[in-house]
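> Structure in structure tokens, see below.
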4 protein chains.
Amino acid sequence: MCLQEDKGSTVIIQLEEKIQQDQLAHIEGQVNALGYKPTEVRTQQGHYLVAIGKKPFDIRHIGHLDGVADVHRVSDAYKLVSKKWKVGYSSIDLGDGVVISPNELALMAGPCSIEGEDQIRSTIQHLKEQGVRIMRGGVFKPRTSPYSFRGLGIDALVLWHKIARENGIKIITEVLAVEDIEPMYEYIDIYQVGARNSQNFRLLHELGKVDKPVLVKRGMSGTIEDLLQSAEYIFSSGNERLMLCERGIRTYESAYRNTFDVNAIPLLKEKSHLPVIADPSHGIGIRKFVEQIAMASIVAGCDGLIFEVHETPEEAFSDGQQTLNYSESSRFVQRARDLFGFRMDHGM
Amino acid sequence: MCLQEDKGSTVIIQLEEKIQQDQLAHIEGQVNALGYKPTEVRTQQGHYLVAIGKKPFDIRHIGHLDGVADVHRVSDAYKLVSKKWKVGYSSIDLGDGVVISPNELALMAGPCSIEGEDQIRSTIQHLKEQGVRIMRGGVFKPRTSPYSFRGLGIDALVLWHKIARENGIKIITEVLAVEDIEPMYEYIDIYQVGARNSQNFRLLHELGKVDKPVLVKRGMSGTIEDLLQSAEYIFSSGNERLMLCERGIRTYESAYRNTFDVNAIPLLKEKSHLPVIADPSHGIGIRKFVEQIAMASIVAGCDGLIFEVHETPEEAFSDGQQTLNYSESSRFVQRARDLFGFRMDHGM
Amino acid sequence: MCLQEDKGSTVIIQLEEKIQQDQLAHIEGQVNALGYKPTEVRTQQGHYLVAIGKKPFDIRHIGHLDGVADVHRVSDAYKLVSKKWKVGYSSIDLGDGVVISPNELALMAGPCSIEGEDQIRSTIQHLKEQGVRIMRGGVFKPRTSPYSFRGLGIDALVLWHKIARENGIKIITEVLAVEDIEPMYEYIDIYQVGARNSQNFRLLHELGKVDKPVLVKRGMSGTIEDLLQSAEYIFSSGNERLMLCERGIRTYESAYRNTFDVNAIPLLKEKSHLPVIADPSHGIGIRKFVEQIAMASIVAGCDGLIFEVHETPEEAFSDGQQTLNYSESSRFVQRARDLFGFRMDHGM
Amino acid sequence: MCLQEDKGSTVIIQLEEKIQQDQLAHIEGQVNALGYKPTEVRTQQGHYLVAIGKKPFDIRHIGHLDGVADVHRVSDAYKLVSKKWKVGYSSIDLGDGVVISPNELALMAGPCSIEGEDQIRSTIQHLKEQGVRIMRGGVFKPRTSPYSFRGLGIDALVLWHKIARENGIKIITEVLAVEDIEPMYEYIDIYQVGARNSQNFRLLHELGKVDKPVLVKRGMSGTIEDLLQSAEYIFSSGNERLMLCERGIRTYESAYRNTFDVNAIPLLKEKSHLPVIADPSHGIGIRKFVEQIAMASIVAGCDGLIFEVHETPEEAFSDGQQTLNYSESSRFVQRARDLFGFRMDHGM
């Protein structure tokens, strides 16, 4: 990668839904005349021009043009994911009453790897008892060693989807490569981009063309700005239904698997309008401390949690050392909801 | 420093209060005969032999000897600060009803630097209104640049102490060097060892000889084990009234001053019987996020908070950017107590 | 990603070139009977069974079987890239007398981004004058911001290839995604996997199926073992013509763009039979220090250097701040060769 | 510690040797009138006013005053150690023809810990055979665990000094605390400040009052600027005979003891006029790679090396795993000198 990314001045122009082609051309002409380079972004929700230039100008020059709904200046390196131009936080409606929003605590739980029908049914039964509506699980597993179990693949996903639909459960699972986006599409509700793919820019770009939500994990040593730029990639290629996920970073400390960075949560909420999800399981990577990291995330301001649960963690194909069993998971869910209630009651 | 620290087997032998010299000699002889090297540790609270060796032996061989109160095996590199040998958590009684213990949330607040009588009186007035009994503040300031303000020194401490005593307030302040321990002694209630001195082993050793509590901050890039070993230094030279403090570590992320490591809190509580204090002010170093980091620390299990407050942070001699004003501090204290109550009620 | 990677015992069985199907089946049967799981690996150069199990066994049980050329035990997490089983270091022959081997210093130079025909011709002219045979340059650029220049794409590569071939110059360029492997194939000599794709396991897997060499860069916060496992991915899916590249890691120090990790060079040479290339340009990211980092790499034991050069760095589309101009590059090449000569003369 | 260090404009005023009190007062008055705060610094070599302020002014206003030898503006946070005001590099003359300067490679070698007379004599014999004039060794050892060997103390230093003097050998050894400065003074030639004391500001301040050279090691996670500020502490309290030492930093990589940061060497040489010494033994911490890291340091521009050598490393009291034996050390010294010669011949 190269430096010299342009961090000059940016203006976000929200366009009217029914803007006409000649109106758009006129706006682009005006933007160019001001020495700004416009990039057109069309998502399922909106239509924008992201105009990047050097010298600030009076945005009212643009604001009064036909076809312009609103104009904002953004000073951040990331643009469309910035909170500077958007009133309020973004919510994501998954249908059937499942919504990710600042008003409730989104819970996503399940095993590290999908292992078979029995495990799927058992997990779903457990989730339903807890009122958890989104199930996580891997069918394509990124593994450091090529000789490790890499997941059961698309067939397992098809089966999982069938059982989940029968039970009103939504599915989030990791997408490893561009060529999997299309085959997975029918069977998932949220695409997850893992830490190792957090700067796989081609994958991010292609996920912008899909009309399903994406959860982007922070890279192993990704900065806050890196994560926001990764989300910007997806948004700017057309998909604004995005979530940001803190899952621990790599530091010198080897007492935990990763160092869960709780600081990222209030900062991301300050910088961006996107929902922020915490992954305490990977974050600390030690089963008995997962609950405490989750609770810390809630009071730090996260909008949801994604965590690992398995009927018998010690027999799980992977990640057993950081996975809760059902009894632990039940206590976890109850406490998380109580604490979220406390947060709301206190206006925190 | 050198490697090759001995991490073999350790046995902690608690001695009876009225042990006689010949009994002690006999025990030491037995320990030596087992191939272990005993170190005698005498604190204000207890009397121990720390016996380090290679091959484990049946500790009942020692347990039945005259003068032995109890015997435990410890597998950690740190010994006397380990939770493996002690029943329950340690509490520290500062007198006048001020106690640091797992049963209540200890609060220590005040400015980065002591600036003068008006500031001292104003701060104490604020703390009293909040029911905060311990005041922090620096009179000897470690500064990266030799040309920066280094604190008002011992005279300011004497004045501060006088006003604090009149108001029933306890004092915690940083000690920078061995030669300051004695002059400070009369005027403080808790010695604080800062991050930059976290492995100043001579200072730690000398603080072991004093009968006042010590709060040890984690080093800039200190590991959990480093911090526990630093506490072990003080304990093993005679002072067991110790607190451990998480205050953020140095990572690649530059969006915050330090990266507050919330993971350290449950881990330290698991490993050690000592109270764990969180410093959210230095931890994230950004005023508007201090409260969220503090709340995260509470549900992660800390026993107390140390934070910076100033009547007019923007005019503070130092650290203004991470210091709360009185109104923020009042809300902070109220929420911290409410949340601690929630934690206790839920048995967390 | 998940933990619990199997790090038990591994046996690498090199098979005879003309092994017959029933012989292979018999060997696999024996391996299975010993409780080992065999993975067949067929590369352009060799044919192997990588057998992973728990309990070590006497490898002579396998060594005498028909069809077995050689058997070795490997204790590392990575297997086929380990130096434990291979006599001597691997060399990579690019044809036309261009060889990457421990006996000479491989030099790869060129701009960060390919910018057009004039720049290509000028660079090639410069490289020929210096006797440098491999040209680097990006046509698909990974950029943190989606609004940054992303490279001229495949058309520029076709043009570059044509001019390079006329001048006897080999091409190394970055591949960003699986779908680009095939279109790029005809026009490149070495695929480069960038730091951000260092654990893009699908990309690595697919590059194993191609018969062109691959240079794998260490991830932003990749460990030595991570890098070797990434190479293992490619090797185990069929391509053993691989190079490892140190390009700086992410640390707390912000005085340089990255922290070039010179320690990695002797360690990688100790652990693996693959050539090790240093990238001093990205490694430190500051033009005036690039030469010193390169020299350090040479005496630390690297087999080659990849660095950035541009006729007018201050006008380069990207990375100008770390790019040498022609005069600096000439001195650099001369000194690098002299120093490599010194290293060889001294048996270092 | 606190932020808000003043990084405004600084002017260094070199005063004439025979400046009179009224002249000095006049200069200080003028500096104050310009809104600058002057700090008087008197070292064994020079006499300075360090004037720190906000708004730059024309330094000729000061330059013509009586008693002023020279005036320079310095933009760095560190001042007197900056290369911006000093013509040429500083050299340190230890007497008897032992000089640390850019024109030759300073070599300091010896065991981690001083273990007794035989070891001292054997080491000195070895050093003399190699023409090494400075011996390192610890008598006060900083140890992570309080139960580890902490060195033989002052008596061993007295003995060592006696034998060293008989053999024309200079001594460098670590000083742990202010109270040791005076007792050690008579027996040492260079005080060493270890990584854990790199920001022990009181120790640094007191070392400024002594007329013996000081080598300051970079902290475990110290930045380049931290190291320069630590040296500034000593310089500004009166001692300008200083050396900077790179000894490896703490990163996420656990394959080596520390991550030797070769990048620091050219940067420190660029920023400061002080000699830069590399410690490859602690830097990588693995015996068989110490030589390669040392060679890398030489071509990166260091002025000297400090490394560990022991007759039988495997029996050393400490650090055996990173200590060379005599035969390795002899080869090391020869190659280091040859390579330094190469560097000088090539004007590198």
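The values are calculated or read from the model by the stated rules, or taken from the named source; none is laboratory data. Please read these numbers as outputs of a predicted model, since none were measured by experiment. Glycine gets a Cβ as well: all are built from the backbone with ideal geometry, and neighbour counts include every protein chain shown.
> Would you check which residues across the stretch B:9-25 are outside any strand (DSSP E or B) and surrounded by 15 or more Cβ atoms within 10 Å (Cβ to Cβ) and list them?
B:I19, B:Q23, B:L24
> Being among the aliphatic types (A, V, I, L, M) and surrounded by 24 or more Cβ atoms within 10 Å (Cβ to Cβ) is the filter; apply it to the stretch C:196-213 and report the residue that is farthest from C:L94 (Cα to Cα).
Looking at the filtered set, the residue picked out is C:L203.
> Can you find even one residue in the stretch D:65-83 that is away from every other protein chain (no Cβ under 14 Å), over 16 Å from B:S148 (Cα atoms), without any contact (Cβ under 8 Å) to a residue 40 or more places away in the chain and not acidic (D, E)?
No - not one qualifying residue is present in the stretch D:65-83.
> The conditions are (1) closer than 28 Å to D:E291 by Cα; (2) more than 14 Å from chain A (Cβ to nearest Cβ), and C:T312 fails exactly one of them. Which is it?
(1)
> Right, C:I92: in contact with a Lys or Arg (Cβ under 6 Å, 6 or more places away or on another chain) and in contact (Cβ under 8 Å) with a residue 40 or more places away in the chain or not?
yes
> Looking at the structure I just gave you, is B:G46 surrounded by fewer than 17 Cβ atoms within 10 Å (Cβ to Cβ) and in contact (Cβ under 8 Å) with a residue 12 or more places away in the chain?
yes
> Can you pull out every residue in the stretch B:236-265 that is within 13 Å of chain A (Cβ to nearest Cβ), buried (at least 24 other Cβ atoms within 10 Å of the Cβ) and either touching a residue at least 40 places away in the same chain (Cβ under 8 Å) or closer than 22 Å to B:A77 by Cα (or both)?
If the condition is that a residue be within 13 Å of chain A (Cβ to nearest Cβ), buried (at least 24 other Cβ atoms within 10 Å of the Cβ) and either touching a residue at least 40 places away in the same chain (Cβ under 8 Å) or closer than 22 Å to B:A77 by Cα (or both), then B:E246, B:R247, B:I249, B:D261, B:N263, B:A264, B:I265 are the ones that fit.
> Can A:I169 be described as β-branched (V, I, T), crowded, with 24+ Cβ neighbours inside 10 Å and touching a strand residue (DSSP E or B) at 6+ places or on another chain (Cβ under 8 Å)?
The answer is no for A:I169.
> Moving on. Check whether at least one residue in the stretch C:202-222 is polar (S, T, N, Q), outside any helix (DSSP H, G or I) and facing another protein chain (nearest Cβ under 10 Å), and report yes or no.
yes
> Sticking with this one: How many residues does the stretch A:91-111 hold that are within 22 Å of A:S281 (Cα to Cα) and either among the β-branched types (V, I, T) or in contact with a helix residue (DSSP H, G or I) (Cβ under 8 Å, 6 or more places away or on another chain) (or both)?
Qualifying residue count, the stretch A:91-111: 7.
> For the stretch C:74-95, how many residues are over 20 Å from C:Q45 (Cα atoms) and loosely packed, with under 14 Cβ neighbours inside 10 Å?
Summing the residues that are over 20 Å from C:Q45 (Cα atoms) and loosely packed, with under 14 Cβ neighbours inside 10 Å in the stretch C:74-95 gives 1.
> Another one. C:V290 versus (1) farther than 27 Å from B:Y252 by Cα; (2) more than 9 Å from every other protein chain (Cβ to nearest Cβ); (3) not acidic (D, E): which is the lone unmet condition?
(1)
> Quick one: A:F317 ticks every box in (1) within 14 Å of chain C (Cβ to nearest Cβ); (2) at pLDDT 95 or above; (3) more than 15 Å from B:N263 (Cβ to Cβ) except a single one, so which number is it?
Here A:F317 clears every test but (2).
> Now, a different point. Which numbered condition in (1) in contact with a Cys (Cβ under 8 Å, 6 or more places away or on another chain); (2) buried (at least 24 other Cβ atoms within 10 Å of the Cβ) is the only one that B:M295 fails?
Condition (1) is where B:M295 drops out.
> Among (1) touching a Lys or Arg at 6+ places or on another chain (Cβ under 9 Å); (2) within 8 Å of another protein chain (Cβ to nearest Cβ), there is one condition A:V276 misses while meeting the rest; what is its number?
Status for A:V276: all satisfied but (2).
Let's see how each residue does on (1) assigned by TED's automatic domain parsing to the domain that holds A:V333; (2) touching a helix residue (DSSP H, G or I) at 6+ places or on another chain (Cβ under 6 Å); (3) under 21 Å from A:F140 (Cβ atoms); (4) hydrophobic (A, V, I, L, M, F, W, C):
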position	(1), (2), (3), (4)
A:N200	yes, no, yes, no
A:G219	yes, yes, yes, no
A:I249	yes, no, no, yes
A:D261	yes, no, no, no
A:H273	yes, no, no, no
A:I277	yes, no, yes, yes
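> May I ask you to list the residues in the stretch D:52-80 that are in a loop (DSSP other than H, G, I, E, B) and of a type outside the set (A, V, I, L, M)?
The answer is D:K54, D:K55, D:P56, D:F57, D:D58, D:H64, D:D66, D:G67, D:S75, D:D76, D:Y78, D:K79.
> Does A:V193 satisfy the condition of being assigned by TED's automatic domain parsing to the domain that holds A:S113, under 17 Å from the mean Cα position of the chain (by Cα) and not aromatic (F, W, Y)?
yes
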